[in-house]
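The values are calculated or read from the model by the stated rules, or taken from the named source; none is laboratory data. All values derive from a computational prediction rather than experimental measurement. Methodologically, a virtual Cβ is constructed for each residue, glycine included, from the backbone with ideal geometry; neighbour enumeration extends over all protein chains shown.
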Amino acid sequence: MSAHVSRRTFLRVGSAAGGGLLLSFGWRPSALEAAQAGTPAAASLQPSGFVRLDPDGTVTIWSKNPDMGQGVKTALPMILAEEMDADWSRVRAIDAELDRSKFGGQGSGGSDSMRAEWDLYRNAGATIREMLADTAAEAWGVTRTECRTERSRVVHATTGRSIEYGPLAARAAARPVPQKAAWKPASAFTLLGTRVAGVDNPAIVTGRPLYGIDVRVPGMKYAAVAKCPVFGGRPAVVDDSAALRVPGVRQVARIPGHENPTFLQPGVAVVADSTWAAFKGRDALRIQWDEGPFRDETSASLSDQFARLARGEGTTVRAVGDVDAALAGASRVVEAYYEFPFLSHATLEPHNCTADVRDGHCYITGPLQMQGSGALVVSEVTGIPRENVHIQVTRLGGGFGRRLLSDYAAEAAVVSKAIGAPVQVIGTREDDMRHDYYRPAGARALRAGLDANGRIVAWDCHLVNLSRNAYRRGTSPAWSTETYGMVTGLSENLAPDFELDLVPWHIPHVRLRFSEPRSGVATGAWRAPAHVANAFAVETLLDEIAVSAGRNPVDLRLELLGPSSALRITGDDPTPYNPERMVAVLRLAAERGGFGQRPPEGRARGLAAHYTFGSYCAQVVELSVGPQASGAVGAPRRVTIHRVTCALDCGIVVNRSGVEAQAQGGIIDGLGHAFFGEITIDRGGAVEGNFDRYRLIRNREAPAAIDVHVVPSTMRPTGFGEIAVPVIAPAVANAVAALTGDRIRRTPFVRAGYTLR
Amino acid sequence: MPSISLSVNGRTHALELDPEMPLLWALRDSLGLVGTKFGCGGGFCGACTVHVDGAATRACMLPVGKAAGRAITTIEGLGAGAGGYDQVRAGAEGSEPGSHPVQRAWVELDVAQCGYCQAGQIMTAAALLARTPNPSDEEIAAGMNGNLCRCGTYMRIREAVRRAASMATSSAPGEGR
């Protein structure tokens, strides 16, 4: 693995941005970008907002979407540099300020950056490359077709003479920007598909300021916010006398909240000279809460409600054929009931944001996944016009969907406006974990009808789930965010099914129903939203069916997937679902992971696969199950994961290091949350507040080995930041079943009798 | 408030602070050394790991009053040589920040995803290797077990510690803790 990035280049940028011990890059958001980008020379070439070539040969590339660890700040510039034929060691990448006129929509979510920005970055790279090649050809009095470009040079093929890009910048800038420039063929790629180290690595390993929590603005205050421990509640009577006596505390400000709880929640902010004083002052507040209608809610009451709703009819979302008749006529019916808890995002960087409201403008610097919608939210809660809201996104200390919502930016803006000074609002771990927007909890009741030959003829799913779409006051149906990854049949027109992320299987009778429980718990998108729970139910039931019918689980899946020719797919998605790509990853994972071969004594292998956001993944897990972790009655048994084999198809690989990292990290994330992740509800609020109770997977618990095999492809790149997560838990559960006969039907697995070694 | 004498990365600071304030906030809010990260405030995650007299220590759990007079190294001072971070800032020869074998291995193996936990991981790894220059795989996993990574970079962390160990044993000694 080689680090293509010049460390010195980025250290220089980092120290320019930091400027000394008191590191200050947040005075105005644009200051960060300016510090990173430097001042353009008069002779620079900048045909678009995405790229600038300076006369010294430095290529600056703007990454339009936030980097939360998925590597977009490295991968997007790589696409442009490849098409430009820029020397990667001369490239520096910077986080773009929010600017719709330059960049269009900005944000990171839905594993969408590679898919959505592929054309933009290739076009921007091809455009500047053609301008440079045309300039050189003209200077040499030769034709463009006699010249080629490579490593930041234009080369004349027959004479071999060449010129660097840098000295061409000024003359190229005088040329008109071409409307269209041809792309390189994928076979000519030299940078894409290689392993490139993250552009922020040197700053990360030396502790340079990069994250929202690192922002320091002259004159800024720090604020911590108290919110009602019961979801949906609000402060009624506030006694702030003790808080104001805490040394360093300056002020207490009420936050009114917004009717949309994903915009802003009501609370009380304590403003202080240091983070520590703000935390202490906040703890000294005495507040009587208006707890609202959900004060008696518990995890047990929710479970009861899920089970009751699952026995009812629900709303039919999709129906192909006649499921009731097919189930009645089936030789055998396999039934299972699954339940899933709330999950916290637990980004290691707690929620925080720095805002400066002054002169009718609001300057936001912070870790947002969606700066575009963030600006709308800030405008809505402050009354400041959208065009006067300026946002500079920092690097994010994790996102996982939490930062799709910008409530903490709204908090910072409201507090800054109230106190008339710049302020950083920051949560403690407990604030972050108990006032998260959780992966919605729910249950799935599934029934599959088999004919006499063991073929699945009917598939009936009743999905009972809180809806993040309903919570965010979305206008589409509550179920529209919760069906991702569920199974549908072969209807006449699959386009509406793909909009719901449903996957078509060759089953003649399929029904999907939905019921929405009543709850006060705040919900939102959690990495591979809905896919994680839905893939677990679907992939473990499928394995159970295969085993009970004496069939090979791979063969059964191939039969259900069918040929792509059987699907009528309409719409303009350039990378439509293709079951043959799923077949390929299934076969690859099975072969490399030894699925179907005899495992070593005392071990078993399990397989699962899933399609998420345009990408395909199959995994084989090899594990063993040891004795109970302790002598206590009911203590879980210890599971050791010896090896995970992951086969992945995400189209053209942009940064191989990034793809492999996301696959490995996604597997570890999925594993940890499958075994341990659960937010418990009691008295209407979240019980777990820190990592002592909300267990994250640790180094020793991670698998001994994770092998990642990426399918070579010439298809457009699709997302890979989420795809690995939903596959691992069902693969583990299927392996545990193969070894013990025990079918796990819930997460966390620690509540089903299994822990990690 | 009492004046506290704090020695960080080879430089001594006099700070007027509540001695009960955790060292973490003195570093971040008073000294502007924001490389040390706040993760949990309870000693569970290791994001705030610094070296106190050479030992990996949770800065969120150590009152600044109890850190007085002890030698504190943060991520900004790691690999900075005997002169500490000031020497680095002065541009002294051979004192480029990031030169510690652990930092170099972290960049080479592209360990970081979001990167937020990595300063703490690196400080823990550096202390581990100072104590155990050639750790076994089990010693690495156990030694790094107190540092959470929410992105799940554990596979590369293990590999990078192995790489750093081999770099350190094959290069000149005294390159920093």
- Query: If A:GLY672 passes every condition in (1) within 12 Å of chain B (Cβ to nearest Cβ); (2) in a strand (DSSP E or B); (3) not hydrophobic (A, V, I, L, M, F, W, C) but one, which one does it miss?
  - Reply: (2)
- Message: Condition first: part of a loop (DSSP other than H, G, I, E, B) and modelled with pLDDT of 95 or more. Now tell me which residues in region A:40-63 satisfy that.
- Response: A:PHE50, A:ASP54, A:PRO55, A:ASP56, A:GLY57, A:THR58
- Item | Residue in region A:641-655 that is surrounded by the fewest Cβ atoms within 10 Å (Cβ to Cβ), counting only those that are of a type outside the set (Val, Ile, Thr) and in contact with a strand residue (DSSP E or B) (Cβ under 7 Å, 6 or more places away or on another chain) | A:HIS642
- Is it the case that some residue within region A:701-710 is of a type outside the set (D, E, K, R) and under 30 Å from A:SER301 (Cβ atoms)? no
- Name the pairs: first residue in region A:75-90 and in contact (Cβ under 8 Å) with a residue 60 or more places away in the chain, second residue surrounded by fewer than 24 Cβ atoms within 10 Å (Cβ to Cβ) and among the acidic types (Asp, Glu), Cβ to Cβ under 6 Å, at least 6 apart or on different chains? A:ASP85/A:GLU150
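So that you can scan it fast, the table gives a plain yes or no per residue for (1) farther than 22 Å from A:GLN392 by Cα; (2) among the acidic types (Asp, Glu):
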{"site": "A:ASP112", "(1), (2)": "no, yes"}
{"site": "A:GLU117", "(1), (2)": "no, yes"}
{"site": "A:LEU120", "(1), (2)": "no, no"}
{"site": "A:THR149", "(1), (2)": "yes, no"}
- Query: Is it true that some residue in region A:622-640 is surrounded by fewer than 24 Cβ atoms within 10 Å (Cβ to Cβ) and within 14 Å of chain B (Cβ to nearest Cβ)?
  - Reply: yes
- Read through the list (1) free of Cβ contacts under 8 Å to residues at least 60 places away in the same chain; (2) over 15 Å from B:ASN147 (Cα atoms); (3) more than 7 Å from chain A (Cβ to nearest Cβ), then give the number of the only condition that B:VAL34 fails. (3)
- Item | Pair list, Cβ under 6 Å, 6 or more apart: region A:367-382 residue over 14 Å from A:GLN265 (Cα atoms) and without any contact (Cβ under 8 Å) to a residue 40 or more places away in the chain, other residue of a type in the set (Lys, Arg) and in a helix (DSSP H, G or I) | A:SER379/A:ARG386
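Residue by residue, here is whether (1) modelled with pLDDT under 95; (2) away from chain A (no Cβ under 13 Å); (3) within 27 Å of A:LYS221 (Cβ to Cβ) holds:
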site: B:ARG28; (1), (2), (3): no, no, yes
site: B:PHE38; (1), (2), (3): no, no, yes
site: B:GLY46; (1), (2), (3): no, no, no
site: B:VAL52; (1), (2), (3): no, yes, no
site: B:ALA56; (1), (2), (3): no, yes, no
site: B:GLY83; (1), (2), (3): yes, yes, no
site: B:GLU93; (1), (2), (3): yes, yes, no
- Task: Kindly indicate whether any position in region A:679-698 is closer than 30 Å to A:GLY427 by Cα and at pLDDT below 95.
- Result: no
- Of those in region A:354-372 that are closer than 18 Å to A:PHE103 by Cβ and hydrophobic (A, V, I, L, M, F, W, C), the residue farthest from the chain's Cα centre (by Cα) is A:ILE364
- Query: Failed condition for A:LEU244, given (1) touching a residue at least 40 places away in the same chain (Cβ under 8 Å); (2) within 21 Å of A:GLU411 (Cβ to Cβ); (3) more than 14 Å from every other protein chain (Cβ to nearest Cβ), with all others met?
  - Reply: (1)
- Does at least one position in region B:22-30 carry a residue that is in contact (Cβ under 8 Å) with a residue 60 or more places away in the chain and of a type in the set (Gly, Ala, Ser)? no
- Looking at region B:110-118, is at least one residue surrounded by fewer than 24 Cβ atoms within 10 Å (Cβ to Cβ) and either more than 9 Å from chain A (Cβ to nearest Cβ) or at pLDDT 95 or above (or both)? no
- Task: With respect to A:ARG637, determine if the residue is among the basic types (Lys, Arg), touching a Phe, Trp or Tyr at 6+ places or on another chain (Cβ under 6 Å) and modelled with pLDDT of 95 or more.
- Result: yes
- Message: Condition first: of a type in the set (Gly, Ala, Ser) and surrounded by 24 or more Cβ atoms within 10 Å (Cβ to Cβ). Can you find one or more residues in region A:416-424 that meet it?
- Response: yes
- Just need a number here: residues in region A:340-372 that are within 22 Å of A:ARG216 (Cα to Cα), assigned to a strand (DSSP E or B) and not hydroxyl-bearing (Ser, Thr, Tyr). 10
- Query: A:PRO209: in a loop (DSSP other than H, G, I, E, B) and either among the β-branched types (Val, Ile, Thr) or farther than 30 Å from B:ALA112 by Cα (or both), yes or no?
  - Reply: no
- Item | Evaluation of A:TYR611 against (1) in a helix (DSSP H, G or I); (2) under 25 Å from the mean Cα position of the chain (by Cα); (3) more than 14 Å from chain B (Cβ to nearest Cβ) (one fails), failing number | (1)
- Give region A:675-698 a look and list any residue that's in a helix (DSSP H, G or I) and more than 22 Å from the chain's Cα centre (by Cα), or say none. none
- Note on the structure: Within region A:182-221, the count of residues that are aliphatic (A, V, I, L, M) and more than 10 Å from chain B (Cβ to nearest Cβ) comes to 8
- Message: Could you check region A:391-446 and list, in sequence order, the residues that are of a type in the set (Ser, Thr, Tyr), under 30 Å from A:VAL199 (Cα atoms) and within 16 Å of the chain's Cα centre (by Cα)?
- Response: A:SER406
- Being charged (D, E, K, R) and under 26 Å from A:PRO496 (Cα atoms) narrows A:ASP555, A:ASP572 down to just A:ASP572
- Note on the structure: Counting only residues in region B:5-23 that are in a strand (DSSP E or B) and of a type in the set (Gly, Ala, Ser), the one nearest to B:GLY39 (Cα to Cα) is identified as B:SER7
- Task: Just give me the residues in region A:213-233 being of a type in the set (Gly, Ala, Ser), out of contact with any Lys or Arg (no Cβ under 8 Å at 6 or more places or on another chain) and crowded, with 23+ Cβ neighbours inside 10 Å, in sequence order.
- Result: A:ALA223
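So that you can scan it fast, the table gives a plain yes or no per residue for (1) within 17 Å of B:ALA126 (Cα to Cα); (2) surrounded by 18 or more Cβ atoms within 10 Å (Cβ to Cβ):
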residue	(1), (2)
B:THR12	no, no
B:ASP18	no, yes
B:PRO22	no, yes
B:SER30	no, yes
B:GLY41	no, yes
B:GLY54	yes, no
B:THR57	yes, yes
B:LEU62	no, yes
- If you go through region A:582-592 one residue at a time, do you hit one that is among the basic types (Lys, Arg), assigned to a loop (DSSP other than H, G, I, E, B) and either in contact (Cβ under 8 Å) with a residue 12 or more places away in the chain or buried (at least 24 other Cβ atoms within 10 Å of the Cβ) (or both)? no
